[in-house]
Amino acid sequence: MYPTPVHRWSPMSRGVYKASLPLALVIWLLPLIAVFITSMRSTDELMRGNYWGWPERFALVENYRTVLFSSPMLHYFLNSCLITVPSVIGSIALASMAGFALATYPFKGNNSILGVFVAGNFVPIQVLMIPVRQLTLHLGLFNTVEGLILFHIAFQTGFCTLFLRNFIKELPYELIEAARIEGASEWQLFCRIILPLIAPALAALAILVFTFVWNDYFWALCLTQGDDAAPITVGVAALKGQWTTAWNLVSAGSLLAALPSVVIFFAMQKHFIAGLTFGATKG
Amino acid sequence: MTTAETRTSVSSGSPADSSRPIGRSSGVGVSAPLEKKRKRAALMFLLPAGAMFSLYVIYPIISSIVLSLYSWDGMSDKVFVGLANYNELIHTDTFYVALRNNLLWLVLFLLAPPIGLAFALYLNQNVRAMRLIKSLFFSPFVLSGVVVGLIFSWFYDPAFGLLKVIVGHGIPVLGDEHYATFGVIAAALWPQIPFCMLLYLTNLTSINPEIIEAGRMEGATGWSLLRHVVLPQLRPATFMSVVLTIIGALRSFDLIAVMTGGGPFDSSTVLAYFMYDQAIKYFRYGYSAAIAVVLFLIMLVFIVYQLRRLLRTDR
């Protein structure tokens, strides 16, 4: 193990190390902690200039209620859910089929198709912007959640396909052969044998795609206008303009926007990390 | 991936396989109708993803390249102008500002892998609650760019920001054309560092401990052990974090949009933001497509590099 494990250190340095951990953590997360404390500060206290002293009065409930009910925040939040959930399901459904095809059928051009999926995912999204915007306009989906969903499904499919194709390739091929001998059709093979086996990979991907789509700002700006279909990232950015001096409310809004991805990350850490570090130890 | 490859070649090469009616290799041992059925199945499985991807990713790339040769405001007819958009671009000062800022992003963003490595080495210990500590260190990565941007705009605020409290006097970081880009990059590093840290942590746990012990036996300690024994073992993580950091740097948009809007006086703009600005504010679709194509060409170098490695390890 590198570095030398602490239990082999001298007691002094071990103590210093352990004491340094919470300190480093507080410094690292200072911006976040400060935002959290500000979100609990009352407006009149901020007006009087008490930005950094300990809050005299905690206005947690009051601030979050204002954000939720006196601004369209709840509406944005709902939009974000309506966009994110179908995008996750759609891209994973498409990618598991494509990944299965690329992993099990050795046809000509197999590798090139995979290459296109991967390359497509790394292109600067700006190069897609104008045509995708025009396409969405032509389909009559501009400023609707459906327009955003379709784009996210298509774009996330590239990365998911690579991930699932590699995962399926690692499965014992004998399983597939056995199922075929038993007389399973290709579709049954996919549904009954492959899907249950790749469930952990699907979970890891679902969480990753969820955070990617939930945090998207660029496409929300390009494909929506006004409040109708705008997700929470747009809503939070707008809060800054709406309440220029009410930083307590802006902070509360930001934390609300961050909440789902943070909760999902902490709840499903193992899957999240497995998905993210996929490939980090190979090659 | 290597194991999968070995397994495949063993199974298709074994003598038992050729006598079996069903095998993975195309042609040998598979009857013609079955072969045809398989091909059709492969096509059906690929079709939905392929269609969506072509429509929303492949076609737009080509369409952008074509559009960059036209002058178009989104409403009236497109007018073919050849390379005029590119010509105008290379005579625009903002283009060079954006290009310089992109380079600055690239260079400074590459601090993320080494700092991430330092964090990973610092946290790679088994003490109580380490899992929670690692997760908390990692948490900035799951925040959206908009939230990070808001947090830092407020951190930098010259009237009451935390930075003012720390240094004692207000510095208008985001309002000063010399500091704005640095301020935004610093904010962007906050989520990027833990991402690199995570890649290194995962790689560190996968190193064979015997290699490290052998290094120690040879008398290597501390720095030289890290440099000659550990770092070569961490190459996969280094590769991934460098490539993804470069791509992240070239993609930077959210933070700039939220924190400075490219200002003051376009001083903190990058190609990605410049392009967006031209399209959304000025409706110069052809011109902004040209900017996007330039960005695409710069990124293509890294995409090809990443792709070649990916397909190589696959073979």
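Every number in this text was worked out from the coordinates using simple rules, so none of it is lab data. This one's a predicted model, so the numbers in the text were calculated from it and none came from an experiment. Methodologically, a virtual Cβ is constructed for each residue, glycine included, from the backbone with ideal geometry; neighbour enumeration extends over all protein chains shown.
Quick check: residue separation of B:L104 and B:L300 times 0.36 nm, minus the Cα distance between them. What number comes out in nm?
Details: separation 196, 0.36 × 196 = 70.56 nm, distance 1.87 nm.
Gain in length upon complete extension: 68.7 nm.
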query: Projected onto the charge dipole of the range A:69-276 (+1 at Lys/Arg Cβ, -1 at Asp/Glu Cβ, origin at the Cα centre), which of A:Q225, A:P106, A:L202 gives the Cα projection farthest towards the positive end?
result: A:P106
message: For a test of the definition: using alpha carbon positions, the gyration tensor, and the 1.5 limit on a/c, classify the protein assembly as shown as rounded, prolate or oblate.
response: oblate
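Note down the relative contact order for the range A:6-63 as a percent, whole number, built from C-alpha pairs under 8 angstrom at least six residues apart.
Details: 26 pairs, mean separation 15.8, N = 58.
For the range A:6-63, the relative contact order is 27 percent.
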- line: Of B:S71, B:S252, B:S31, the most mobile residue in a GNM of chain B (C-alpha springs, cutoff 10 Å) is B:S31
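Are there GluC sites (Glu not before Pro) in the range A:1-74 that DSSP marks as loop and that have at most 14 other Cβ atoms within 10 Å, and which are they?
Values: sites: A:E45, A:E56, A:E62; in loops: A:E56.
Of the GluC sites (Glu not before Pro), the ones in loops of the range A:1-74 whose Cβ has at most 14 other Cβ atoms within 10 Å are A:E56.
Compute the signed sum of charges (Lys and Arg +1, Asp and Glu -1) over the other residues within less than 15 Å, Cβ to Cβ, of A:L148. Write down the numbers at each step before the final one.
Details: positive: A:R133; negative: A:E146, A:D216, A:D227, A:D228.
Neighbourhood net charge equals -3.
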query: Taking the Cβ of B:V173 as the center, what net charge do the other residues with Cβ under 12 Å away carry, scoring Lys and Arg +1 and Asp and Glu -1?
result: -2
Highest-MSF residue in chain B out of B:D93, B:D266, B:D277 [GNM, Cα springs under 10 Å]: B:D93
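Counting pairs of alpha carbon atoms under 8 Å apart in space and at least six apart in sequence, what relative contact order in percent does the range A:4-126 give?
Details: 32 pairs, mean separation 14.9, N = 123.
That works out to 12 percent.
Which value, in debye to the nearest 20, gives the size of the charge dipole of the range A:69-276 about its Cα centre, when Lys and Arg are +1 and Asp and Glu are -1 at the Cβ? Intermediate values should be presented prior to the final figure.
Details: 8 positive and 9 negative charges, 52 e Å.
The dipole of the range A:69-276 has a size of about 260 debye.
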message: Could you work out [θ]222 nm for the protein assembly as shown from helices alone, using -39500 (n - 2.57) per DSSP H run of at least four and dividing by all its residues? Round to the nearest 500 deg cm²/dmol.
response: -22000 deg cm²/dmol
- prompt: Which entries in the list A:K270/B:K134; A:K108/B:K37; B:K134/B:K164; A:K169/B:K39 go over 21 Å, if you measure between the two C-alpha atoms of each?
  reply: B:K134/B:K164
- prompt: Which loop chymotrypsin sites (Phe, Trp or Tyr not before Pro) in the range B:189-268, with loop taken from DSSP, have no more than 16 other Cβ atoms within 10 angstrom of their Cβ?
  reply: B:F265
task: Find which of B:L123, B:I166, B:N208 sits farthest along the positive direction of the dipole of the range B:117-254, computed with +1 on the beta-carbon of Lys and Arg, -1 on that of Asp and Glu, about the Cα centre.
output: B:N208
statement: For the pair B:E213 and B:S54, the simple spin-label estimate (label points 7 Å beyond Cα toward Cβ) gives in nm 5.6 nm
message: Apply the Karplus curve 6.51 cos²θ - 1.76 cosθ + 1.60, θ = phi - 60°, to the phi angles in the range A:25-32 and return the couplings in whole Hz, x for Gly and Pro.
response: 5, 5, 5, 4, 9, 3, x, 5
- line: If every Lys and Arg gets +1 and every Asp and Glu gets -1 at its Cβ, then about the Cα centre chain B yields a dipole, in debye to the nearest 20, of 1460 debye
message: 7 Å from Cα along Cα→Cβ at both A:L139 and B:N87: what's the point-to-point distance in nm?
response: 3.7 nm
- prompt: Is chain B rounded, prolate or oblate when judged by the Cα gyration tensor, a ≥ b ≥ c being the square roots of its eigenvalues, rounded requiring a/c under 1.5 and prolate requiring a/b larger than b/c?
  reply: oblate
- request: Decide, for the range A:69-276, between rounded, prolate and oblate: order the square roots of the alpha carbon gyration tensor eigenvalues as a ≥ b ≥ c, take rounded if a/c falls under 1.5, and otherwise choose prolate if a/b is larger than b/c, else oblate.
  value: prolate
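For the pair B:V66 and B:R40, what calculated FRET efficiency results from E = 1/(1 + (r/R0)^6), where r is the Cβ-Cβ distance and R0 = 41 Å, to the nearest 0.05?
Efficiency for this residue pair is about 0.75.
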FRET efficiency estimate (nearest 0.05) - Cβ-Cβ, A:A184 to A:E146, R0 30 angstrom: 0.25
query: Using a simple spin-label model with points 7 Å from Cα along the Cα→Cβ vector, what separation in nm is obtained for A:Q269 and B:R131?
result: 0.6 nm
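Partner chain Cβ atoms within 10 Å, averaged over the residues of B:271-280 - can you pull that number for me? Provide the component values of the computation, followed by the final result.
Numbers: counts 2, 6, 1, 1, 5, 5, 0, 0, 5, 4.
Mean partner-chain Cβ count within 10 Å for B:271-280: 3.
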- request: Report the chymotrypsin sites (Phe, Trp or Tyr not before Pro) located in the range A:23-78 that are in a DSSP loop and have at most 15 other Cβ atoms inside 10 Å of their Cβ, or state none.
  value: A:W52, A:F58
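Can you tell me, using C-alpha contacts under 8 Å and at least 6 residues apart, the relative contact order of the range A:108-197 as a whole percent?
Numbers: 29 pairs, mean separation 28.0, N = 90.
Normalised by residue count, the contact order of the range A:108-197 is 31 percent.
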